[in-house]
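First up is the structure itself, then whatever we jot down about it.
The values are calculated or read from the model by the stated rules, or taken from the named source; none is laboratory data. What you see is a predicted model; the values in this text were computed from it and never measured. Glycine gets a Cβ as well: all are built from the backbone with ideal geometry, and neighbour counts include every protein chain shown.
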Amino acid sequence: MSGLHLKDLSKRFGNFTAVDDVDLTVPHGTFVCILGPSGCGKTTLLRMIAGLEEPSAGAILLDDEDMTPVPTHKRNLGMVFQSLALFPHLTVGENIAYPLRIRGVDKNGQRKRVEELLALVHLPGYAARPVSKLSGGQRQRVAIARALALSPRLFLLDEPLSALDAKLREAMQVELRQLQQKLGITTIVVTHDQREAMTMADLVVVMGEGRIRQAASPIEIYRKPADAFVADFIGSTNLLEVKADRAGRAITLGQPIAGLSLPKGMASGLVSIRPEDVHLAGSANGAFRGKVTFVRDLGGTIETFVEVGGTTIVAVTTPRERGDIEAGTEVGVTLPAESCVVLKQ
Amino acid sequence: MRREPPRTIADYTPLAFPAIMLIIFFVVPFSTMIAVSFFRRQQGGFYTPDFVIDNYGRFLSAFFGGVLGFSLMLAIMVAVICVAIAFPFTYLLTKTSRRVQIVWLVCLLSVLSLSEVIIGFAWSTLFSRTAGITNLLVAAGLMSEPQALLPGFGAVLTGMVYQALPYTILVLYPALVRLDPTLLEAARTLGASPLRGFINIIVPALRNTIVATLIMVFVFALGSYLLPQILGRPRHWTLSVLITDQAIYQSNMPFAAAMAVFLVLISLALVGLTLLVGGRREATA
């Protein structure tokens, strides 16, 4: 099968298991984001794919070829490091030409390829500049160009945009995605920023405590989280404890959620509902009654914190679809069954 | 933090103490030495104020030229060997665990507590025929009978490298510890083997550090005068040995001073040349 296959990959450091039995198939040309909180093993996983860490168990297959015993410098991959790792004593052009020099490409060929790559990352004419004279975004582009110089089979990026300010980061996310689509290269990005993952990825892999919690398309991850960890990590959500009554209906906060029942054999669990799916009614008609404790008006959206039976439910609305609800008023809260995701506890 | 330049005399007062120390302990003695180098020597060990350049004239002989050349060559060799050994060693040291690093650094610091005399006599024992390392080689069957490895050039070089190596490592250590470890990893992902990446990324990235270390070890080795006497033959004596000999045993202060001044000028010229060459390469890079 063509593509990258991680087969039961594990990495232990002493007693600590950084990556625990990861099994993942990435079809050729896919943009993958490995997403997770710090310390979840995502960087270790990427370093194993690059050959910079040796797996404790398992194998890495690329187009059915076992890469596990191949040393890093023979894997033909491009990697962008969090620190970027640009060579400080070389110019922009020399940095990008370094892998070509290693392969023995002649000077003319080097110059041509460098110009091509600089045009690709929108930095034409920068070849002669010293690396130290570049801005953060420009250094980023140079690191990307250098990693792509040999048209690698795999493009790996470790938190590549974390050093940039928010605006530039969003612009670079779009640019990186367009670049990947243009080149059709299998790309794996490690990030802790879920917005980044949602923007760029075909496949989002959520990791927690060394394990893959869910691997799916961004919208599926958002709409159908596999467990409470994923639901909580991706976006913000309301997690409510539910119990099944004798008829199997989902009971939360002392009341049933209209139209929602728990799967057979499940006595209790959690319900995840996104804040934008929670409906509020000013006239206090709705399934649940609550009191508004706090309103955060962000201009574009309004977050309303409603206390229902000791639990706070957050609702997000746009200013248009919502009347004046102020802190202290009584409201009715509706949780539409079609937006509720039932999770195991 | 204050960034504007000092304006009044009072702003310069923090500089007063180091400036006074530098004048009393460096400028004054060095000026005295320069003055003495032009004085006339009296038979019997004294000298009178005068202005003669005979002392420098006498220096421009084949004998002293040879000694000067030998001293510079020895110092350069010590510097190059020390950096060639210490750089890879220190690089590998920074890759080890914190505890291993501390043990190594403490051991190196303890070598610094040995005086030149102790180092000299320790090596003269190790290189001797009766109790030296050749006895171990004989015991191991690698040699037929023990040999004396001293006096000789190899012994002088070994002793001086041994003495200068801890300094070299301690000077290189901070720069290598601060070096971004992903530089080599990046080189590896770009197709360079670890050794190749080390040679064409790590070494050039730290070129300034290496040049500064070479100069430091060179200057350090130039001043050595005990080890060449203990471990070498008279033809392995450095200019420092001759200066001591003239100043103390021949009581010829003006000539000793002239040689010292000459040595300082030559070393300064070499250091300047190194910096110039390094700086020019920087500009073209």
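Quick notes
- Number of the condition not met by B:Leu226 [criteria: (1) closer than 30 Å to A:Phe81 by Cα; (2) in contact (Cβ under 8 Å) with a residue 40 or more places away in the chain; (3) away from every other protein chain (no Cβ under 14 Å); (4) not aromatic (Phe, Trp, Tyr)]: (1)
- When A:Glu65, A:Glu94, A:Glu115 are checked against the criterion of being among the charged types (D, E, K, R), more than 14 Å from chain B (Cβ to nearest Cβ) and more than 28 Å from the chain's Cα centre (by Cα), a single residue qualifies: A:Glu115.
- Residues (surrounded by fewer than 22 Cβ atoms within 10 Å (Cβ to Cβ), closer than 21 Å to B:Leu227 by Cα and touching a residue at least 12 places away in the same chain (Cβ under 8 Å)) located in segment B:244-261: B:Thr244, B:Gln246, B:Ala260
- Residue match in segment A:312-323 (condition: among the acidic types (Asp, Glu) and either in contact with a Ser or Thr (Cβ under 9 Å, 6 or more places away or on another chain) or assigned to a strand (DSSP E or B) (or both)): no
- Selected residue (criterion: farthest from the chain's Cα centre (by Cα)) from residues of segment B:181-192 that are more than 7 Å from every other protein chain (Cβ to nearest Cβ) and crowded, with 17+ Cβ neighbours inside 10 Å: B:Ala187
- Take the conditions (1) over 31 Å from the mean Cα position of the chain (by Cα); (2) within 11 Å of chain B (Cβ to nearest Cβ); A:Asn108 misses just one of them, which is (2).
- Where a residue in segment B:31-45 is closer than 10 Å to B:Ser251 by Cβ and its partner, wherever it lies, is at pLDDT 80 or above and aliphatic (A, V, I, L, M), with Cβ under 8 Å and at least six apart: B:Arg41/B:Met253
- Neighbours by Cβ (under 7 Å, 6+ apart or cross-chain): first from segment A:11-37, among the hydroxyl-bearing types (Ser, Thr, Tyr); second in a strand (DSSP E or B) and surrounded by fewer than 22 Cβ atoms within 10 Å (Cβ to Cβ): A:Thr17/A:Ser10; A:Thr25/A:Gly3; A:Thr25/A:His5; A:Thr30/A:Leu203
- Residue count, segment A:242-291 (criterion: part of a loop (DSSP other than H, G, I, E, B) and either hydroxyl-bearing (Ser, Thr, Tyr) or in contact (Cβ under 8 Å) with a residue 12 or more places away in the chain (or both)): 17
- Scanning segment A:120-176 for residues that are in a helix (DSSP H, G or I), of a type in the set (Val, Ile, Thr) and more than 14 Å from every other protein chain (Cβ to nearest Cβ) returns a single hit, A:Val174.
- The residue list A:Ser2, A:Ser83 contains one member that is at negative phi and touching a His at 6+ places or on another chain (Cβ under 7 Å), which is A:Ser2.
- Some residue of segment A:22-32 being within 14 Å of chain B (Cβ to nearest Cβ) and either at pLDDT 90 or above or surrounded by 14 or more Cβ atoms within 10 Å (Cβ to Cβ) (or both): no
- Look at segment B:194-207: where a residue is within 10 Å of another protein chain (Cβ to nearest Cβ) and a partner is among the basic types (Lys, Arg) and crowded, with 19+ Cβ neighbours inside 10 Å, sitting 6+ places away or on another chain with Cβ atoms under 6 Å, you get B:Gly197/B:Arg188.
- Summed over segment B:143-157, the residues that are assigned to a helix (DSSP H, G or I), closer than 14 Å to B:Ile133 by Cβ and in contact (Cβ under 8 Å) with a residue 60 or more places away in the chain give a count of 1.
Condition check ((1) more than 9 Å from chain B (Cβ to nearest Cβ); (2) of a type outside the set (Val, Ile, Thr); (3) surrounded by fewer than 17 Cβ atoms within 10 Å (Cβ to Cβ)) across all residues:
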site	(1), (2), (3)
A:Glu53	yes, yes, no
A:Gly58	yes, yes, no
A:Lys74	no, yes, yes
A:Gly78	no, yes, no
A:Leu84	no, yes, no
A:Phe87	no, yes, no
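- Of the criteria (1) closer than 23 Å to A:Gln173 by Cα; (2) within 14 Å of another protein chain (Cβ to nearest Cβ), which one A:Met48 fails: (1)
- Residues that are within 28 Å of the chain's Cα centre (by Cα) and part of a helix (DSSP H, G or I) within segment A:68-91 comprise A:Thr72, A:His73, listed in sequence order.
- Test: residue in segment A:35-44 that is within 14 Å of another protein chain (Cβ to nearest Cβ) and either under 29 Å from the mean Cα position of the chain (by Cα) or more than 25 Å from A:Ala145 (Cβ to Cβ) (or both): yes
- One residue stands out in segment B:162-180 among those that are without any contact (Cβ under 8 Å) to a residue 40 or more places away in the chain and within 14 Å of chain A (Cβ to nearest Cβ): the one that is surrounded by the most Cβ atoms within 10 Å (Cβ to Cβ), namely B:Ala175.
- Unique residue being without any contact (Cβ under 8 Å) to a residue 12 or more places away in the chain and under 17 Å from A:Thr334 (Cα atoms) when the list is A:Glu321, A:Glu303, A:Glu307: A:Glu321
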